[in-house]
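Here, each number is a calculation from the coordinates, and none is a lab measurement. Please read all numbers here as calculations on a predicted model, not as lab measurements. No Cβ is skipped: glycine too gets one built from the backbone with ideal geometry, and neighbour counts run over all protein chains shown.
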Amino acid sequence: MTTNVTSDTGAPLVEMKDVEKYYGDFHALKNVNLNVSRGEVVVVIGPSGSGKSTLCRTINRLETISAGTITIDGKKLPEEGAALARLRSDVGMVFQSFNLFAHLTILENVTLGPTKVRGLKKAEADELAMQLLKRVGVGHQAEKYPAQLSGGQQQRVAIARSLAMKPKLMLFDEPTSALDPEMINEVLDTMVELAQEGMTMVVVTHEMGFARKAAHRVVFMADGEIVEVAGPEEFFTNPQSDRAKDFLSKLLTQ
Ligand SMILES: Nc1ncnc2c1ncn2[C@@H]1O[C@H](COP(=O)(O)OP(=O)(O)OP(=O)(O)O)[C@@H](O)[C@H]1O
Ligand SMILES: [Mg+2]
């Protein structure tokens, strides 16, 4: 199954250039420059309030930026209208809370986007959804409602729902932080598989196991800035900045 529908050029899929973001007077992103290549998995870590969610949210324009540019697949982020809707379906996003529609079955949650936005017929959408639900290990739950599933299962449905839109890029913002410990791995395993299949991913997580297994690069943020960028082994074993050293020492002793 192909989920990573991108044209095969050498240009980065995501380019953030000199990006600034203010919330009122508060400077939340400071001179952020980050390129994400096709098929690359970038893990973003950093202390609470450092701007990780803001960074993610600017990439699919859930947040506007105050200065700089963001391009996806060579195109500047659209401001509004049909182009913005298209962008949103090209960029899947999975949050800490699963946000499934409570009144729709699991299957209906996954087929909604493909039928409404991508224009698939019901039978095609059902087939695609079942394929994805099986792949994330919840095929047998398709007729149930979200409340009847565990948190880990709901989060895997949320991933399947994003994938049903055939995104070029997937953003994950602490997808496992609301889960009980025994459910974290089932979600991370799904994400590792996705990474191995070549999906381009930006993942905010403190799960170092995931970063070590799947990340090509780790981006460390503090106070709205990208402080350090390195391969995962290098970053975790030999962080360069004091802020990264301090952050990692706290993470390790938790
Ligand atoms: N809508 C908003 N209005 C005003 N300030 C905001 C808004 N969203 C975030 N902020 C502020 O911007 C900063 C960065 O927030 P952000 O949510 O991006 O941090 P984070 O790194 O994701 O933190 P966490 O690890 O706690 O999720 C914080 O100081 C936060 O209070
Ligand atoms: Mg956050």
Quiz prompt | All aspartates and glutamates inside 12 Å of LYS213 as judged from Cα atoms, apart from same-chain residues fewer than 8 positions distant | solution = ASP189, GLU193, GLU233
Quiz item: In which sequence would ASP18, ASP223 go, from the one with the fewest C-beta neighbours within 10 Å to the one with the most?
Solution: ASP18, ASP223
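Summing Lys, Arg as +1 and Asp, Glu as -1, what charge do residues with Cβ under 13 Å from the Cβ of GLU108 carry, GLU108 excluded?
+2
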Quiz prompt | Within the chain, helix-based [θ] at 222 nm, where runs of 4 or more DSSP H residues each add -39,500 (n - 2.57), nearest 500 | solution = -11500 deg cm²/dmol
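Return an integer: the convex hull volume of the alpha-carbon atoms of the chain, in Å³ per residue. Don't jump to the answer; show the numbers that get you there.
Working: hull volume 33.3 nm³, N = 254.
Once divided by residue count, the hull of the chain is 131 Å³.
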Quiz item: If the cut-off is 29 Å between C-alpha atoms, which lysines fall inside it for LYS76, apart from same-chain ones fewer than 8 positions away?
Solution: LYS17, LYS21, LYS30, LYS52, LYS116, LYS166, LYS168
Practice problem: For LYS144, list the lysines whose Cα falls under 19 Å from its own Cα; do not include residues on the same chain fewer than 8 positions away. | Solution: LYS122, LYS134
Quiz item: What angle do you read, to the nearest 10 degrees and between 0 and 90, between the alpha-carbon axis of helix 242-252 and the longest principal axis of the chain?
Solution: 50 degrees
